[in-house]
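Values in this text are rule-based calculations from the coordinates and carry no lab data. The model shown is predicted, which means the values in this text are computed figures rather than measured ones. Every residue, glycine as well, gets a Cβ built from its backbone with ideal geometry; the counts of neighbours run over all protein chains shown.
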């Protein structure tokens, strides 16, 4: 049995050592080698749980096996759960991996609990679940950029003007093409922070979230897309060509660190370019991409405001410098982790979660 285990010598010895120090497994090993009693009540209470599978248990090289699966001592089980769950392949995938070679009582339940506690695994993997939108200017011309958070696929539309009506008209076309998102994220520009856009969100049944004014970091996905779009447009101008082929190539270029492109993740296929490519459907590439992306994402500056009470006096850091301005904290919005502040002049603003606050 040992020779069929795909395990390093170091790991094998580690399991051996922990098995030797596990009181329960040592009792179990003794019973296996000496023979099981005929009735369960004659078995030590510590190993009652193994009685019903006693015919499947064997001892080899100081390890205990249930069939072809090695029984892991208690001190190594949490580490094994972490290893099983590390690829975030879903609860059924993790269970299949575990059942191939590992066993201990309650293994299935522990794998499921690990899955339920994992933010990555609980993420609803779906395209157009959330989009970010923003305006950009290139050579005096205004554009609307729309980014799908799931795939990093973005669209760019020329705007004749920056009125809310024009922006909404472009978004209607985008949503008709790719589907209505669950959430649309933007800054607090006048095109978005107005009654007309609120009515549009209600009519088309999506949630509209906004970032704090003057702090675009929370809309970093869109900011990155804006930089990429401007770069492609600038290079197209220098090459005296339209940027559309460059945008097409970008959409079909695999994202760094992943095997799939934005087009593949959004459409589940490659789109035709000037470079011959083999047509291949992507299957579950979208799910796998987002799971990997979530595992590499670092949560930064997630300050909680549980210590700030209503009408506390706080100080807010101004934009990019270290100056602070006294404010009152009239209310708190826990849904988007922003706190609404009121200045001494009576103006209300949002404070983003990344800035520290100090209660006077």
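Here are a few things to note about the model shown:
- In terms of surrounding Cβ atoms within a 10 Å radius of their Cβ, 38, 85, 169 rank from fewest to most as 38, 169, 85.
- Between residue 194 and residue 87, the FRET efficiency estimated from the beta carbon spacing at R0 = 30 angstrom works out to 0.10.
- Neighbour-count ranking [beta-carbon atoms within 10 angstrom, fewest first] of 186, 151, 109, 87: 109, 87, 186, 151
- Per-residue Cβ neighbour rank within 10 angstrom, fewest leading, 56, 14: 56, 14
- Remark: spin-label model distance residue 55-residue 238 equals 7.6 nm, labels positioned 7 Å along the Cα→Cβ axis.
- The distance between label points at residue 9 and residue 163 comes to 7.9 nm (points 7 Å beyond Cα on the Cα→Cβ vector).
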